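A.B. asks: Got a structure for you, questions after.
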Amino acid sequence: MRFYFDIQDDHYSARDSEGVALPSVQAARKQANNIITSIARDLFDADGSQVAVTVRNDKDNLFVLTVTLSLKEFTSPEDTAPTDPLASGK
């Protein structure tokens, strides 16, 4: 089965016109994970905040994998207290 990996971040968008032959949707998920982690490393250096990979076959969009990056710089000693960013529900 052929899967296509469309990429979008804060500065760039590309529609995959070639695709990759993979044996299953699970294999496409692994490929999407490899793609998005590679892009996320570069995105962070470019001051970007979000990257998404939409995976599709010849007929339909199958799923989208999204990574959001954030950076909080500490400016005072009070800011350095450990916090759980997931506890706030964001």
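A.B. asks: Which condition does Ser38 not pass, out of (1) small (Gly, Ala, Ser); (2) more than 11 Å from the chain's Cα centre (by Cα); (3) assigned to a helix (DSSP H, G or I), if it passes all the others?
C.D. replies: Single failed check for Ser38: (2).
A.B. asks: Of all residues in region 1-29, which are farther than 19 Å from Asp58 by Cα and free of Cβ contacts under 8 Å to residues at least 24 places away in the same chain?
C.D. replies: Passing the criteria: Tyr12, Ser13.
Listed here are the residues, each with its yes/no results for (1) modelled with pLDDT of 95 or more; (2) of a type in the set (A, V, I, L, M).
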| position | (1), (2) |
| --- | --- |
| Ser13 | no, no |
| Ala27 | yes, yes |
| Thr54 | yes, no |
| Asn61 | yes, no |
| Leu65 | yes, yes |
| Ser70 | no, no |
| Asp79 | no, no |
| Pro85 | no, no |
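The values are calculated or read from the model by the stated rules, or taken from the named source; none is laboratory data. Just so you know, these numbers come straight off a predicted model, no measurement behind them. Note: ideal-geometry Cβ built from the backbone for every residue, glycine included; neighbour counts use all protein chains shown.
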